[in-house]
Each structure stands twice: as C-alpha cells, then as structure tokens.
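Asks: This is the structure I want to talk about, given as structure tokens.
The values are calculated or read from the model by the stated rules, or taken from the named source; none is laboratory data. Owing to the predicted nature of the structure, the values given are computational and were not obtained by experimental measurement. Cβ placement follows ideal geometry from the backbone for every residue including glycine, while neighbour counts extend to all protein chains displayed.
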Amino acid sequence: MLQRGSRLSVFSGARKYDEEGIPNDVEVIYTFVGSGHEGKYRPTMPKQPPTEEAQGDVEFAGKFFEWLEEMLKQGKYPGHAFEVIPGGLNGVAEGLNRLRSGQSGGKKFVYQIGQQARE
C-alpha cells in the first residue's frame, strides 16, 4: 500500500499508464530504459516528464552497470540460473520444445551463436 507523501517509480514501456487509485500526494517518477541509453525521453513514451529529469541518466546507467559487474564478480549477486543448449542457433528448437513441455525449471536457456551443430 502506498503511504501518503511517498514516491512511486514506474517502469513502463506501455503506451498508457493508468494512475487510477494512486493517491494525489504520491509523487510518480517515470523510469524509462531509453533515457539510460540516449539521455532523453523518446516522443513515443506515454508520459513526457521534463527533459531535465533525463539529464545524467547515461552517466548513471554506466556507473550502475560497472558496479553491478563488480558485485557479480564478487559473488554478491549470483545471477539467474542458466543452461547452455548445445548446437548454437540449431539448438533453439530444442529450447523451445523444453519451454513448451515445462522443462525449463526456472532456468534461462543460452545459445552460443558461434558454436557449430554437433552431428
């Protein structure tokens, strides 16, 4: 439940964000991945906060991902479980079949693009 005077960070690529039910005294802050790449909001984004709010996003994103890389190296965040499916892109069908049959077990499937199919 949102408390009075709190801030809500919204991550949305949707064409429309429904603010119904959010109290008037809650500050809504829009977070868009594109501003971390380009330093500005795209014209197609559903809400257009002031351009000044995107200033510094590229620098912040760069520093954040450097920090995250270090945390992963130190083992502070284990990352998501994954399984390498052999055969490169030829293994995609196998991965899709595993997904359809519920055999992913919460793992991400990784395909090594340069790898040749095993015969």
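Asks: Taking only the stretch 3-27 into account, find how many residues are loosely packed, with under 14 Cβ neighbours inside 10 Å and modelled with pLDDT of 70 or more.
Replies: Total meeting the criteria: 13.
Asks: Right, next: Among what's in the stretch 49-86 and is among the aliphatic types (A, V, I, L, M) and either on the phi > 0 side of the Ramachandran plot or not in a helix (DSSP H, G or I) (or both), pick the residue that is surrounded by the most Cβ atoms within 10 Å (Cβ to Cβ). First the steps, then the outcome.
Replies: Initially, the stretch 49-86 is screened for residues among the aliphatic types (A, V, I, L, M), giving 54, 58, 61, 68, 71-72, 81, 84-85.
With the extra rule that they be either on the phi > 0 side of the Ramachandran plot or not in a helix (DSSP H, G or I) (or both), the set shrinks to 81, 84-85.
Values: 81: 10, 84: 11, 85: 20.
Checking each candidate, the answer is 85.
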